[in-house]
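The next block holds one structure in the form of structure tokens; read it before the comments.
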Amino acid sequence: MAIIRVTVRTFQNLEHAELFLSIGANTKDGLNKASLDAKFTISQSISQPNQVVSVWEYKDKDHMNEVRKFLSAQSRLPNSLAPKEIAYETKVIHSS
């Protein structure tokens, strides 16, 4: 059963959002080097550029925990930016 996790991060200012996005620029390469595969999209709000939305698709709960653990270990900086964070976690019912 696939899991989708959507996270909306609202940073204090545009500079913090852009710093977060620049750190995330190497996410795919880092995952590949760690032999982890995950589908994800990271986007920046047009109307609120200090807001970053990420959508991740995981194979299952174990896969999600493994990927999130890896990403967390890569950089402590995003946590120090102290964004307001809202996360939604869902199981996939239908997909094409």
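Out of all the residues in the stretch 51-96, which are within 19 Å of Ile4 (Cα to Cα), modelled with pLDDT under 90 and assigned to a helix (DSSP H, G or I)?
Result: Leu71, Ser72.
In the list Ser47, Ser43, which residue meets the criterion of being at pLDDT 90 or above and closer than 23 Å to Ile3 by Cβ? Explain how you work it out, then say what you get.
Values: Ser47 fails: closer than 23 Å to Ile3 by Cβ.
One residue alone meets the criteria, Ser43.
Among the residues of the stretch 20-40, count how many are among the β-branched types (Val, Ile, Thr) and more than 20 Å from Ile3 (Cβ to Cβ).
We begin by selecting, within the stretch 20-40, every residue among the β-branched types (Val, Ile, Thr); these are 23, 27.
If we keep only those that are more than 20 Å from Ile3 (Cβ to Cβ) as well, we get 23.
Number satisfying all stated conditions: 1.
Which members of the stretch 31-45 meet the condition of being within 13 Å of Glu66 (Cα to Cα) and either in contact (Cβ under 8 Å) with a residue 12 or more places away in the chain or acidic (Asp, Glu) (or both)?
Listed by number, the residues that qualify are Leu31, Ala34, Leu36, Asp37, Ala38.
Could you figure out which of (1) within 15 Å of the chain's Cα centre (by Cα); (2) surrounded by fewer than 12 Cβ atoms within 10 Å (Cβ to Cβ) isn't true of Met64?
For Met64, the exception is condition (2).
Would you check which residues across the stretch 24-41 are farther than 11 Å from Gln74 by Cβ, surrounded by 16 or more Cβ atoms within 10 Å (Cβ to Cβ) and not aliphatic (A, V, I, L, M) and list them?
Passing the criteria: only Phe40.
The values are calculated or read from the model by the stated rules, or taken from the named source; none is laboratory data. Please read all numbers here as calculations on a predicted model, not as lab measurements. Cβ sites come from the backbone with ideal geometry, for glycine too, and all protein chains shown count toward neighbours.
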